[in-house]
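What follows is a short report on a single structure.
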Amino acid sequence: MDGIEAITLDFGNTLVPFPAAPMANVVRLTAERAIDLLGCSAGEFERVWGEERLRQFAEDVPEGREADMDVRVVRIVARLRGRSAPPPGARWDDAALGAYCEPLEVATILGTYAEAFVRNTPVPPAIGPMLGRLAGRYKLAILSNWPLALAVERFVDRAGWGRHLTAVVVSHRVGFIKPRPEIFRIAAAELGVTSGPLILHVGDDLGADVVGAQNVGWRAAWVRLKPEDSPLPVGLPAPDAKPDMVIDSVVDLEPLLGLPVGRS
C-alpha cells in the first residue's frame with residue numbers, strides 16, 4: 001500500500017451500515033408527507049414506490065445508470081394521479097409525465113425523503129475521528145452509488161465529515177454508477193490525483209467497488225461484513241475478484257495502512 005495519495009470510500013454499508021428496517025422507515029415517513037400532497041394512502045404510496053424502485057433497478061442498473069430518485073418520484077405521482085404503468089417489457093415515456101405533477105411537488109417529496117433519511121440514519125461514532133486521522137495523510141472523498149445525492153450530502157453535513165473530505169462524488173449527480181469507469185475518473189479529477197495506483201478505493205461490493213476500481217488501475221479494499229438484510233442493491237457477482245486488501249470493517253483500514261490507530 002505504499003505510494004497512496006488519496007482514498008475514496010463507499011458510503012452505504014462501508015461508512016454507514018444500512019439494515020432494512022431504518023430504510024423502510026424512511027420511505028414510510030416520506031409516504032406520510034406525500035398523502036397531504038397527493039390525497040392517497042401511505043400504504044398505496046409505499047406500494048407504488050417499491051414497484052417503481054424495482055423497475056428502475058431492472059432497467060437502469062444493467063446499463064450502468066443510477067436509478068435516480070427524482071425520476072422515480074415523478075413516475076409515482078403520475079401513477080397515483082391516474083397514469084397507468086407501462087406493460088411488462090415497455091418503458092416509461094418520462095417526457096410525457098410532466099403534466100401529472102409540479103416541480104415543487106417533486107422537490108417537496110425529495111426534501112422530505114432526505115430529511116427523514118438524515119434523522120433515521122445514525123452517525124457511526126468511530127467514522128469521524130477515523131476520517132480526521134486519514135485526512136492528515138491522504139486526500140479523501142466519498143464515492144457512492146446513491147439515487148439521491150441530496151440525502152448523502154445532508155448526512156455528511158450533519159455528521160461533520162465535510163471538513164475531512166476533498167470531494168463527495170455521488171452517482172445521482174454523475175449519471176453513472178460503479179463499476180462504470182466514468183465515475184472513478186470524475187472522482188480522481190475532483191481529488192486532483194492522477195487516476196491509477198495512487199488511489200485506494202474502499203467498498204463493500206466486490207463487483208461495483210473492487211472490480212470497478214481495479215479496472216481503472218486503482219487499488220481496492222473490500223469491506224467483507226455488512227448487514228445481512230440490507231436492501232441496498234449490489235453489483236454483478238464477481239467470484240474472481242482479488243481485492244488488494246480485505247477488511248471486516250472500514251475502521252480496520254488504519255492499521256493496515258501503517259497508521260497509529262486512535263492518534264491524530
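What follows draws every value from the coordinates through simple rules; no lab data is involved. Every value quoted in this text rests on a predicted model; they were computed, and no experiment measured them. With ideal geometry, Cβ positions are generated from the backbone for all residues, glycine too; neighbour counts draw on all protein chains shown.
Under a plain spin-label model, where a point goes 7 Å from the Cα along Cα-to-Cβ, how far apart in nm are D70 and L225?
Placing both labels 7 Å along Cα→Cβ, they lie 3.9 nm apart.
Test of understanding: extend the Cα→C-beta vector of E63 to 7 Å, then name every residue of the stretch 87-109 with backbone N under 14 Å from that spot.
Only 89-95 fall inside the zone, counting backbone N under 14 Å.
Which of rounded, prolate, oblate describes the stretch 97-169, given a ≥ b ≥ c as roots of the alpha-carbon gyration tensor eigenvalues and a/c under 1.5 marking rounded, otherwise prolate only if a/b is larger than b/c? Could you put the intermediate results ahead of the total?
Details: a/c = 3.86, a/b = 2.26, b/c = 1.71.
Here the stretch 97-169 falls in the prolate category.
Indicate the gyration tensor shape class of the stretch 21-120 (rounded, prolate or oblate), computed on the Cα atoms with a ≥ b ≥ c the square roots of the eigenvalues: a/c under 1.5 is rounded; otherwise a/b larger than b/c is prolate and the rest oblate. Spell out each step's value before the answer.
Numbers: a/c = 1.65, a/b = 1.24, b/c = 1.33.
Oblate, since a/c reaches 1.5 and b/c is not below a/b.
So if I take the centroid of the Cα atoms in the stretch 1-67 and the same for the stretch 166-209, what is the distance between those two points in Å?
So the two Cα centres are separated by 20 Å.
Sort the chain into rounded, prolate or oblate with this rule: let a ≥ b ≥ c be the square roots of the eigenvalues of the Cα gyration tensor; rounded if a/c is under 1.5, and if a/c is not under 1.5, prolate when a/b is larger than b/c, oblate otherwise. Please list the in-between numbers first.
Values: a/c = 2.21, a/b = 1.76, b/c = 1.26.
Here the chain falls in the prolate category.
Students often forget the sequence filter, so: which aspartates and glutamates lie under 15 Å Cα-Cα from K139 once same-chain residues fewer than 8 apart are removed?
D2, E5, D10, E190, E254
In straight Cα distance, which lysines are under 22 Å from K242, not counting same-chain residues fewer than 8 positions off?
The qualifying lysines are K178, K226.
Rank by packing, highest mean first: peptides 26-36, 54-64, with packing defined as the count of other Cβ atoms within 10 Å averaged across residues.
Numbers: 26-36: 18.5, 54-64: 14.1.
Packing proxy ranking, top to bottom: 26-36, 54-64.
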